[in-house]
Amino acid sequence: MTAAPAMASAILDAAERFVRREGYNGFGIDDIAAAVGTDSAGVFAHFASKAELGGALARRYTDRFLAAVGDAADPSLPPAALLRRYVDAFRQALARDGQMCLCGILGAEVASLPLVVADETKRFFQCNVDWLETVLGRAGPGDAGKRRQRALSILSALEGAMILARTLDRTDVLDEVAAEIVRVDAASASGQRSTSAQPCSASERA
């Protein structure tokens, strides 16, 4: 990695730590600059504004999360295995970092976020719902509306459980919710049928 991409990555890493600890509105460019050993001009050399930085951060988080859970339409990955991988992604983030979902934090602040950050935050949630709908659709035939409702319920349950786990200092809260999702959904996902993955490409960001 060359110096410029390395610095951009370090800036994004620092911004992620600040957002997860203090929220988007709890820090400024000077804080980021100090954290990576440069000045504000050094940050602006990579990101023209805090809003641009926030949008890039949310986009990176979404792309990394989707890469971690895998392609929802991959025929080599059974729906049950994908659902287990999905809930484990939430559990591991809390267990490893002791931190909330980055876009969950941004979502709580969405009314005060710059448009580019709000749009990238919405993309995270929409891509997650689309991913879950695709997996649930592969698990068996059913009403598309009900699949969407279930996808929304799963995502809401996991995001909410992370908040409770942090607030109560009890990681087992998230474990219990994750186990119930696996019991109800992954256990019933015994069949597969062909479907097309919902698009979550860079072109949707425009």
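Every number in this text was worked out from the coordinates using simple rules, so none of it is lab data. None of these values were measured; they are calculated from a predicted model. Please note: Cβ atoms are built from the backbone with ideal geometry, for glycine as well, and neighbour counts cover all protein chains shown.
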Return the FRET efficiency for the residue pair residue 169, residue 109: r is the Cβ-Cβ distance, R0 is 22 Å, and the value is rounded to the nearest 0.05.
0.45
Quick one: which residues, 5+ away or cross-chain, put their amide H under 5 Å from the amide H of residue 47? H built at 1.01 Å from N.
none
If I fit a long axis through the Cα atoms of helix 50-69 and take the longest principal axis of the Cα atoms of the chain, what angle between them do I get, 0 to 90°, rounded to 10?
30
Of the candidate values (1) 16.7; (2) 18.1; (3) 17.6, the one computed for Kirkwood radius over Cα pairs in Å from this structure is (2)
Which FRET efficiency value, to the nearest 0.05, is calculated for residue 180 and residue 45 with the Förster distance at 45 angstrom and r the Cβ-Cβ distance?
0.40
Find, to one decimal place in angstroms, the Kirkwood hydrodynamic radius of the stretch 76-136, where the mean of 1/r is taken over every pair of different Cα atoms and then inverted.
13.0
How high is the FRET efficiency from residue 85 to residue 9, r the C-beta distance, R0 22 Å, rounded to 0.05?
0.30
With x for Gly and Pro, the residue-by-residue ³J(HN,Hα) of the stretch 79-91, computed from phi through the Karplus equation 6.51 cos²θ - 1.76 cosθ + 1.60 at θ = phi - 60° and given in whole Hz, is x, 4, 5, 5, 5, 5, 5, 5, 5, 5, 4, 5, 5
For the chain, the longest principal axis of the Cα atoms and the Cα long axis of helix 115-139 enclose an angle in degrees, to the nearest 10, of 20
Residue 144 and residue 30 label points (each 7 Å along its Cα→Cβ direction) are spaced in nm at 5.3
In the Gaussian network model of the chain, springs joining C-alpha atoms below 10 Å, which of 167, 134, 62 carries the largest mean-square fluctuation?
167
Tilt relative to the chain, helix 172-181 - C-alpha long axis, 0 to 90 degrees, to 10
40
